[in-house]
1. Using modelled backbone amide H atoms (1.01 Å from N, in-plane), which distant-in-sequence or interchain residues come within less than 5 Å of Trp78's amide H?
2. May I ask you to list the residues of the range 1-33 whose amide nitrogen lies under 14 Å from a point 7 Å from Cα along the Cα→beta-carbon direction of Asp42?
3. Of Asp20, Asp40, Asp85, Asp49, which has the most accessible area with a 1.4 Å probe, and how do the rest follow in descending order?
4. Enter the accessible area of Ser137 (Å², nearest 10), with the probe set to 1.4 Å and all protein chains included.
5. Give, in nm to one decimal, the length gained when the segment between Val150 and Val175 is fully stretched (0.36 nm per residue of separation minus the Cα-Cα distance).
6. Could you order Val154, Val179 by accessible surface area, starting with the largest, using a probe radius of 1.4 Å?
7. Relative to 2.2 N^0.38 Å, what does the C-alpha radius of gyration of the range 68-193 come to as a ratio? Two decimals please.
8. Measure out, as a whole number of angstrom, how far apart the alpha-carbon centroids of the range 119-172 and the range 58-96 sit.
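The values are calculated or read from the model by the stated rules, or taken from the named source; none is laboratory data. No experiment lies behind these values; they were computed from the predicted model shown. Because the Cβ atoms are built from the backbone with ideal geometry, glycine has one as well, and the counts that use them run over all protein chains shown. For the accessible areas, the whole protein counts, side chains as well, though only heavy atoms, and no ligand, DNA or RNA atoms are used. Shrake-Rupley method; radii C 1.70, N 1.55, O 1.52, S 1.80 Å.
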Amino acid sequence: PTATGGMAVSASIEVSGSYDGGLRRFAGSGALGGDGQDEDQDPIFELADGATLKNVILGAPAADGVHCLGSCTLENVWWEDVGEDAATFKGKSASARYLVVGGGARKADDKVFQHNGGGTLTIRDFQVADFGKLYRSCGNCETQYERHVVISNVRVTGPGNSVVGINANYGDTAVLSGVTIVGDSGRDISVCT
Ligand code: DGU
Ligand code: CA
Ligand code: CA
Ligand code: CA
């Protein structure tokens, strides 16, 4: 989408309830100025349990993108150049529900969606291009949960190396339907367990 305006974000924007960005572009600055792979960067948006973020474009640098502290909805959110990762799902409960609906992400050196908490992430009507992994369930987080991901109607354009990485040993599951893979000549896009 075409941005309607721009915002420089130097401290994480905390969202509870619903935040509609009106398709403005939000990019990091100052302490959020990272566009590399350093871990422990802060996010541009931090969502409280139950929050919804919609109609937002994350520009570069995107730092650690979006963090959801509990259940959340990301609707029509676009990452133009993913930073360390695009969004991290951190709910400390098996009943957390995260929904990514609409939107897209590109230019992720490594991961797009990082699932560190518990619960189920649904990714629907999404597109991703030029990435490492669309989804990764944390393999070595302090608390390991059984994590679940449901992916439907997603268009994947290479290069990329995996759509989903889960830890079958922790009981993770992945359900995929309607995944279209485009233009990934010679690279291996796969589901890894
Ligand atoms: O314990 O080492 O890359 O949230 C955490 C893991 C690592 C995370 C993850 C992230 O998987 O730091 O960005
Ligand atoms: Ca990381
Ligand atoms: Ca990037
Ligand atoms: Ca991260």
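1. HN-HN under 5 Å from Trp78: Val56, Ile57, Leu58, Gly104.
2. Once the point is set 7 Å along Cα→Cβ of Asp42, 9-15, 28-33 turn out to lie under 14 Å by backbone N, inside the range 1-33.
3. Descending accessible area places them as Asp40, Asp49, Asp20, Asp85.
4. 0
5. 8.5 nm
6. Val179, Val154
7. My calculation over the Cα atoms of the range 68-193 gives 0.96.
8. After rounding, the separation between the Cα centres reads 13 Å.
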